[in-house]
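Written out below as structure tokens is the structure these notes cover.
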Amino acid sequence: MFPIGIHDIALATGHYALDLEELAERHGVDPGKYTVGLGQSTQTVPATDEDIVTMAAAAAKQIMAEHDAGDIRTVLLATETGIDQSKAAAIYVQDLLGLPSSTRAVELKQACYGGTSALHFAAGLVHRNPGHKVLVLASDIAKYDLGSAGEATQGAAAVAMLVSADPAVAVLEPVSGLYTANVQDFWRPNYRSTPMVDGKLSVSLYLEAVEQVWKDYEARGGRAIQDFAAFCYHQPFTRMAYKAHARLLEIHGIDTDNARLDADLAATTVYNRLVGNSYTASLYVGLMSLLDHAEDLSGRSVGMLSYGSGCVAEFFGLSMVPGYRRRLRTSANQSAIARREPISYERYREIREFELPEDGSSKVLAVDGAGPFRLRAVAEHSRMYEACHLIQA
Ligand code: CAA
């Protein structure tokens, strides 16, 4: 059997950054609650002409600059922030990237777990035809009710991954631990633009899922915990990774003081602390943060824990391919985050109040962000995108 996994990986985020100390002041809470208790410093706020399509295309464009579009037969886009009840956002991305029409383009949904499902389904497609590559996109804008406890955990980002045989970055290991339960911790009915959330319940269900996926992983002959050189977790806020890792270590009777948790998780939380929750993309933003900040992990395994409310969870291993560091985009990733424009609370509220027409009337959008793609207009209930020719610094 030939190895299958991540051949290339790229990140994009939105245009603005809101400082959580300012949000804390507006909420009348001690800033430490957000910066220490939740472990978030800033959150990405997309510009009014950005959405999941423009972010996914911006991430994927970096990959397409280095690989043959003709090899890609499938585009899988996972999101919680769908823009249409029927048409896949993947089709807009396929078009913006100029991918061949001899491509299948599909959207996947299961809250924050969707990106992981896309990665595993992609591996199945490559197994069926090793000459084909699959473009996996995870793109989300996490938006909660104003003044709610979740508002401090908002954020936005997209990750693009090229999945292929004989990958250059990471091999998907064969064993997965799985867990599904029909629970109402976080969900978004079709008529709502923000989710229904039972925050405390969601934290405890996530931790329950950690136990359950490990149990299944172990029963199916997975690696011992000591075999993993590092761990990445879905990060709705970075302290959640600490809670989850502490639970995993506790199951194994391993002491969990703060120093141990910091040593294990500092590298994987650098980017998420700045971009905030990016739902489907969050685990893979954590992976990129780890790879960009950790020592060389060539030949070693990284434990990946994906949790999507509702809920579905999966634990699996990625085996890092020797030489993978040559494929990383560390400076592009860092500058995508660093070049975000700091935004005042007032401007953030203006953006929150901005709405696209829902009655079929037309609206041409002013240029707001500075990414390689933008939402140009909405007319006759349709979104229209364009490529921008200004190259970001
Ligand atoms: N200095 C330092 N720490 C402080 C502090 C201060 N001044 N004030 C409070 N804290 C700490 C608290 O002790 C707490 O830490 P612990 O969790 O370690 O006890 C932390 O800050 C948060 O405080 P609260 O628990 O009081 O916060 P809250 O109840 O107001 O909100 C939340 C927390 C429920 C997670 C809320 O942010 C929320 O609803 N978020 C959205 C849902 C979510 O992210 N769920 C995560 C699991 S579900 C999932 O993963 C899927 C997904 O992406 C949504």
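The values are calculated or read from the model by the stated rules, or taken from the named source; none is laboratory data. Predicted, not measured: the structure shown is a model, and the values here were computed from it. Cβ coordinates were reconstructed from backbone atoms using ideal geometry, including for glycine residues, and neighbour counts include every protein chain displayed.
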Number of the condition not met by THR194 [criteria: (1) under 26 Å from VAL134 (Cβ atoms); (2) touching a residue at least 12 places away in the same chain (Cβ under 8 Å); (3) surrounded by fewer than 18 Cβ atoms within 10 Å (Cβ to Cβ)] | (1)
Is there any pair linking a residue in region 260-272 that is within 20 Å of ALA336 (Cα to Cα) to one that is at pLDDT 95 or above and of a type in the set (Val, Ile, Thr), with Cβ under 6 Å and at least six apart or on different chains, and which?
-> THR269/THR238; TYR271/VAL285; ASN272/THR238; ASN272/VAL285
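Give ARG374, ARG347 a once-over and let me know the one that is surrounded by 13 or more Cβ atoms within 10 Å (Cβ to Cβ) and touching a Cys at 6+ places or on another chain (Cβ under 7 Å).
On the way: ARG347 fails: touching a Cys at 6+ places or on another chain (Cβ under 7 Å).
Within the list ARG374, ARG347, the selection yields ARG374.
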Of all residues in region 142-175, which are free of Cβ contacts under 8 Å to residues at least 60 places away in the same chain and more than 20 Å from the chain's Cα centre (by Cα)?
-> ASP145, SER148, ALA149, PRO174
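Which of the strands (runs of 3 or more DSSP E) found entirely inside region 1-111 contain at least 3 residues meeting this: buried (at least 16 other Cβ atoms within 10 Å of the Cβ) and within 16 Å of the ligand (Cβ to nearest atom)? Break it down stepwise before answering.
Numbers: elements: 4-13, 16-19, 42-45, 72-78, 104-108.
The qualifying strands (runs of 3 or more DSSP E) are 42-45.
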Within region 255-265, track down each residue that is touching a helix residue (DSSP H, G or I) at 6+ places or on another chain (Cβ under 9 Å) and either exposed (fewer than 13 other Cβ atoms within 10 Å of the Cβ) or over 19 Å from MET304 (Cβ atoms) (or both).
-> ASP255, THR256, ASN258, ARG260, ASP262
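Please find, among ASP140, ASP145, the residue that is assigned to a loop (DSSP other than H, G, I, E, B) and not hydroxyl-bearing (Ser, Thr, Tyr). Show your work before the answer.
Working: ASP140 fails: assigned to a loop (DSSP other than H, G, I, E, B).
Checking each option against the conditions leaves just ASP145.
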Among the residues of region 225-239, how many are buried (at least 17 other Cβ atoms within 10 Å of the Cβ) and either near the ligand (Cβ under 8 Å from one of its atoms) or not in a strand (DSSP E or B) (or both)?
-> 6
Output the number of residues of region 65-89 satisfying the condition of being in contact with a strand residue (DSSP E or B) (Cβ under 8 Å, 6 or more places away or on another chain) and more than 21 Å from ALA377 (Cβ to Cβ).
-> 12
For region 37-81, how many residues meet the condition of being basic (Lys, Arg) and closer than 18 Å to PHE354 by Cα?
-> 0
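Does region 197-207 hold any residues that are part of a helix (DSSP H, G or I) and either of a type outside the set (D, E, K, R) or buried (at least 17 other Cβ atoms within 10 Å of the Cβ) (or both), and which are they? Working first, answer last.
Filtering region 197-207 down to residues part of a helix (DSSP H, G or I) leaves 199-207.
Scanning region 197-207 gives GLY199, LEU201, SER202, VAL203, SER204, LEU205, TYR206, LEU207.
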Within the bounds of region 182-195, is there any residue that is within 11 Å of the ligand (Cβ to nearest atom), in a strand (DSSP E or B) and more than 29 Å from LEU328 (Cα to Cα)?
-> yes
Tally the residues that are near the ligand (Cβ under 8 Å from one of its atoms) and in contact with a strand residue (DSSP E or B) (Cβ under 9 Å, 6 or more places away or on another chain), restricting the search to region 199-224.
-> 4
